[in-house]
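Everything on this sheet refers to the single structure shown next.
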Amino acid sequence: MTTTSSPGPQTTPGPGGRGPAHPADPADLLAALGRSWTWILASAAATLVPGVLLLVWPEATLHVVAVLVGLYLLAAGTFRFVETFARQEQGHRAAGLLLAVLSVLAGVLCLRNPLQTITALSLIVGLTWLVSGMLTLHTALAARDLPHRGLLLGAAVLAVVAGVVVLALPAESARALTRLLGLWLVLLGFAEAGLALAWRAALRRAAAAVPGGRGTGG
């Protein structure tokens, strides 16, 4: 799930700005990227694409399912790592970093042994969604200034429910697991897309509130 700090006036000078010329800090560049609504939308696409593939390809073998899910988890971990730099509170950064590490480790487990059992794959994905949903829910409840807090809470609850369903209802065949994972990935992808659009609207409001402010921050 995606969480970013509240949008506000940014002081990065443009090419014709008169601010002090400092070399670009990689952390600042990652923070600017993580605050972009297009980055959040790209994260949603990275969730939607494998979900759609799994739904339209229900006869995929367990090997293909594990590879698709592994790639999705690696991409999710990468997006979450960048997004941690957009957060200013250390507690929220720690939660985001933990989510990134968890996603990458789960992705590596899926790709390292793609011929694993259905039970093992369900356990990896279910636990990842459950933990990420709980951590995102905690962040959304603690950060009361998030402009898209309601949507983030809904997405976090959806991730928790997805994790519980996958863990409580283990699929008996690769076909059933494919449909189950595909459905939840599509739902989570649409939830992240909604967050991206809400974040774009918040950035536009913040830019309009600044005299002479223009752009959408992404």
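Among residues of the range 202-218 being assigned to a helix (DSSP H, G or I) and surrounded by 15 or more Cβ atoms within 10 Å (Cβ to Cβ), the one that is modelled with the highest pLDDT is Arg204. From the list Gly77, Gly96, the one residue that fits, being open to solvent by less than 50 Å² (accessible area, probe 1.4 Å) and touching a residue at least 60 places away in the same chain (Cβ under 8 Å), is Gly96.
Across the range 49-103, the qualifying residues are those that are more than 18 Å from Ala196 (Cα to Cα) and among the β-branched types (Val, Ile, Thr), and the one among them that is modelled with the lowest pLDDT is Thr61.
The values are calculated or read from the model by the stated rules, or taken from the named source; none is laboratory data. Remember, it's a predicted structure, so these values are computed and weren't measured experimentally. Ideal geometry is used to build each Cβ from the backbone, glycine not excepted, and the neighbour counts take in all protein chains shown. These area figures cover heavy atoms from the full protein model, side chains too; ligands, DNA and RNA do not enter into them. Shrake-Rupley method; radii C 1.70, N 1.55, O 1.52, S 1.80 Å.
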